[in-house]
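Chemist: Sharing a structure below in C-alpha cells format, with a few things to ask.
Every read-out reported here was derived from the displayed coordinates using simple, explicitly stated rules and does not represent laboratory data. Computed from a predicted structure; not experimentally measured. Because the Cβ atoms are built from the backbone with ideal geometry, glycine has one as well, and the counts that use them run over all protein chains shown.
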Amino acid sequence: MLLHFTIDSPTGERFNHSFYAADLDSHINALNFFVATGYQLCSATLTDQEGQQMSLPLDAFDGMPIDGAIRELQTEYEQVLNPY
C-alpha cells in the first residue's frame, strides 16, 4: 500500500510525503509518530495495489503507537477462533 499524506510542522511549514509499506500498521504508526512530535495531519490517503484510494480519518491519529493494541486484538481473536 502507498500512503500519501500532508502535514503541517509545528512551525507552520507544510510537507507532502508518500511511502510504501506492505502492512497497514506501518502506515498508522508513521502517522501517529508525526502527530506525537507536534505535526498536524492535513490529509492521509492509502492507495492499494489495484489503485483504489481510501481517505483515512484524521481524528483517528492521536500520537499513540498501535503495535500493542493490534497484538492484543490479534491474541483475543485467535483465542476466540481456537479455544483449545
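Chemist: I want the local charge near residue 32. Using Cβ-Cβ distances under 11 Å, sum +1 for each Lys or Arg and -1 for each Asp or Glu among the other residues.
Modeler: Value of the local net charge: -3.
Chemist: So between residue 71 and residue 8, what do we pick up on full extension, going 0.36 nm a residue minus the alpha carbon distance?
Modeler: Numbers: separation 63, 0.36 × 63 = 22.68 nm, distance 3.04 nm.
Between residue 71 and residue 8, full extension yields an extra 19.6 nm.
Chemist: Moving on. Per the Kirkwood definition applied to all pairs of different Cα atoms, how many angstroms is the hydrodynamic radius of the chain? Don't skip to the end; give the middle numbers.
Modeler: Numbers: mean 1/r = 0.0711 Å⁻¹.
That comes to 14.1 Å for the chain.
Chemist: Let me ask something additional. What is the helix-to-structure angle for 67-81, meaning the angle in degrees between its Cα long axis and the longest Cα principal axis of the chain, kept from 0 to 90 and rounded to the nearest 10?
Modeler: 30 degrees
Chemist: May I ask you to sort 34, 15, 5 by Cβ crowding, counting other Cβ atoms within 10 Å and putting the fewest first? It would help to have the intermediate numbers written out before the result.
Modeler: Values: 34 20, 15 12, 5 23.
Fewest-to-most Cβ neighbours within 10 Å comes out as 15, 34, 5.
Chemist: Please rank 45, 37, fewest neighbouring Cβ atoms within 10 Å first, as an exposure proxy.
Modeler: Numbers: 45 14, 37 11.
The order, fewest Cβ neighbours first, is 37, 45.
Chemist: Could you give the length gained on full extension between residue 37 and residue 20, defined as 0.36 nm per residue of separation minus the Cα-Cα distance, in nm? Display every interim value, and only then the final one.
Modeler: Values: separation 17, 0.36 × 17 = 6.12 nm, distance 2.12 nm.
This chain segment gains 4.0 nm when fully extended.
Chemist: Hey, another quick one. Return the calculated 222 nm mean residue ellipticity for the chain, to the nearest 500 deg cm²/dmol, obtained by summing -39500 (n - 2.57) across DSSP H runs with n ≥ 4 and dividing by the residue count. Intermediate values should be presented prior to the final figure.
Modeler: Values: 2 runs with 28 residues, N = 84.
Helix-only estimate at 222 nm: -10500 deg cm²/dmol.
Chemist: When a footprinting reagent is the concern and you count Cβ atoms within 10 Å, what order do 76, 50 take, fewest first?
Modeler: Going from sparsest to densest Cβ surroundings: 50, 76.
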